[in-house]
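Let me begin by presenting the structure, written as structure tokens, before commenting on it.
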Amino acid sequence: MRILITGANGQVGMALRRTLTNPSFECRFTDREELDMRDEEAVRETTLSFRPDVVVNCAAYTAVDKAEDDTQACVEINQDAVRVLAEACSSINARFIHISTDYVYHNKVNRPLREDDPTDPQSVYARTKLAGEKEALSACAKTTILRTSWVFGLEGANFVRTMVRLGGDRDQLSVVADQIGAPTYADDIAGAILHIIESPELKPGTYNYAGLGIASWYDFAKAIMEIYGLSCEVKPIPTTSYPTPAARPHYSVLDLTKAQNAGFTFRHWRDALVDFKASDATS
Ligand SMILES: NC(=O)c1ccc[n+]([C@@H]2O[C@H](COP(=O)([O-])OP(=O)(O)OC[C@H]3O[C@@H](n4cnc5c(N)ncnc54)[C@H](OP(=O)(O)O)[C@@H]3O)[C@@H](O)[C@H]2O)c1
């Protein structure tokens, strides 16, 4: 089976490099240098010449706050490039696996969010991610989308890395306690993508995928300090005390029932964090 992976130097892309080890897979991992997703012709040409059975799109514009002032680039990568890739998949009958975000929901429902709940993205990043989902689903009938949340991976910058660094330098940190969601380990997302690849009978469409359990950023920070043995005290603050250019949802816990029924496996975010620490070469 031939598999094309874009954005392969990101958190999920790097986790896929560790996960897609089945010798029957012929994987082509592309980064920005080899395949710039803003180059539509290159995206088409690379896909058509490699003729993959599956394409996994890990490339994305993920700088949520910067996107507020960099709309054009965000649209080109999160929306336009997704359409081109999905069209190319469709033309060679390949399956298309795409990753999206809990930020597309951003609604006022105070219960875990289901795939068919209304969307109401509140930032440039979230709007382009939702638009990308729609492009993918309409361009390629064999599209599977994973909506995930609060990704932490061994490579790249993320909340865990920031907390470990600050926790080593400071005695006290203030962290937002009124945004609730679920941290998700990039290696677990890679496992979910492997499940899609190995399940040709899986119904295409949109699936939520996240770590089990819920947390605020404050809860997550406290767990990071504890698991890394850092004595830094974490204090809860409201979002209003930590304003950011892009709005974040207050509640974005994902209902995982659809994915559970489709054979995806999950673990609690805290167990994944313990595993992250054990695999973390810097700790
Ligand atoms: N991070 C989160 O908390 C989070 C939460 C929910 C959903 N998601 C979604 O999960 C997916 C994977 O996220 P991630 O955390 O792995 O993101 P990431 O670490 O930022 O990786 C994204 C990758 O895309 C690449 N990329 C950006 N623009 C590109 C372009 N023009 N051409 C080719 N590659 C390009 C980046 O390359 P450079 O390094 O060269 O920029 C980077 O390697 C994304 O779809 C994201 O929207 C992420």
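List of remarks:
- Fraction of the pair-distance distribution of the stretch 18-73 above 16 Å, Cα-Cα pairs, percent: 55 percent
- Rounded to two decimals, the Cα radius of gyration of the chain over 2.2 N^0.38 Å is 0.98.
- Contact order, relative form, for the stretch 1-109: 30 percent (alpha carbon pairs under 8 Å, 6 or more residues apart, mean separation divided by residue count).
- Relative contact order computed over the stretch 153-283 (Cα-Cα under 8 Å; 6+ residues apart), in percent: 40 percent
- GluC sites (Glu not before Pro) lying in DSSP loop within the stretch 184-283, provided at most 14 other Cβ fall within 10 Å: 198, 201
- Binned Cα-Cα distance frequencies in the stretch 1-111 - 5 Å width, integer %: 2, 11, 22, 23, 18, 11, 7, 4, 2, 0
- Beta bridges assigned by DSSP with both partners in the chain are antiparallel in approximately 5 percent of cases.
- Diffusion coefficient, µm² s⁻¹, Stokes-Einstein with Kirkwood Rh over alpha-carbon pairs of the stretch 189-258 at 37 °C and 0.692 mPa s: 211 µm²/s
- The distance between label points at residue 157 and residue 28 comes to 3.1 nm (points 7 Å beyond Cα on the Cα→Cβ vector).
- For the stretch 27-181, the percent of C-alpha pairs falling in each 5 Å distance bin, counted from 0 to the bin holding the largest distance, reads 1, 8, 16, 18, 18, 15, 10, 6, 3, 2, 0, 0.
- Viscosity 1.567 mPa s, temperature 4 °C, Stokes-Einstein D of the stretch 135-212 from Kirkwood C-alpha radius, µm²/s: 86 µm²/s
- Relative intensity, log₁₀ I(q)/I(0), of the stretch 139-283 from a Debye sum that treats every alpha carbon as a point, q = 0.10 Å⁻¹: -0.38
- Taking a ≥ b ≥ c as the square roots of the eigenvalues of the Cα gyration tensor, an a/c ratio of 1.5 or more together with a/b no larger than b/c marks the stretch 6-47 as oblate.
- Cα-centred dipole magnitude for the chain, charges only on beta-carbon of K, R (+1) and D, E (-1), debye, nearest 20: 540 debye
- Relative contact order of the chain, pairs being alpha-carbon contacts under 8 Å that are 6 or more residues apart, as %: 21 percent
- Expressed as a fraction of 2.2 N^0.38 Å, the C-alpha radius of gyration for the stretch 60-126 is 1.29.
- Residue pairs, from the table 129/222; 134/258; 108/142; 108/258; 108/203; 108/134, whose Cα atoms sit over 26 Å apart: 129/222; 108/142; 108/203
- Percent of alpha-carbon pairs separated by more than 15 Å within the stretch 125-164: 57 percent
- Counting 0.36 nm for each residue step from residue 283 to residue 201 and taking away their Cα separation leaves a gain of 25.5 nm.
- Here r is the Cβ-Cβ distance between residue 141 and residue 115 and R0 is 25 Å; the resulting FRET efficiency, rounded to 0.05, is 0.90.
- Full-extension gain in nm, residue 212 to residue 267, via 0.36 nm per residue minus C-alpha separation: 19.2 nm
- Between the C-alpha center of the stretch 235-283 and that of the stretch 140-176 there is a gap of 8 Å.
Every number in this text was worked out from the coordinates using simple rules, so none of it is lab data. Just so we're clear, the structure is a prediction, and the values are computed from it rather than from any experiment. Because the Cβ atoms are built from the backbone with ideal geometry, glycine has one as well, and the counts that use them run over all protein chains shown.
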